[in-house]
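> This is the structure, below, for whatever I ask next.
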Amino acid sequence: MSLYGPIRSHDTLWKVAQRIRPSKNLTVQQTMVALLEQNPRAFIAGDMNEIQRGQVLFVPSKKCDCRHFKTGCAPCCTTAD
């Protein structure tokens, strides 16, 4: 499992998702949803626009361009690369 962070004051979920997107077959938006679902405590009130500074995020696996990932996150997205 990979980690990203800590989140800095200028980071947004969009910027983080662009940087860590595991596959070009996935959109930035799909990656954002997976990050939100894998890291609910990193967001104030579950709002993807309210990422908390100082948080370290669990990053979806590079193998994770499966059907489940495209509709949200699944256990295969958290296994080691």
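> What is the distance, in nm, between label points placed 7 Å from the Cα along the Cα-to-Cβ direction at residue 15 and at residue 48?
According to this spin-label approximation, the distance is 1.8 nm.
> Going out from 0 in 10 Å bins, what whole percent of all Cα-Cα distances in region 2-66 drops into each bin?
Histogram of Cα-Cα distances, whole percents per bin: 23, 60, 16, 0.
> How do 20, 44, 51 line up, fewest other C-beta atoms within 10 Å first? Intermediate values should be presented prior to the final figure.
Values: 20 17, 44 10, 51 22.
Taking fewest neighbouring Cβ atoms as first place, the list is 44, 20, 51.
Every number here is computed from the coordinates shown, using simple stated rules; none is lab data. None of these values were measured; they are calculated from a predicted model. Cβ: placed from backbone, ideal geometry, glycine included. Neighbour counts: every protein chain shown.
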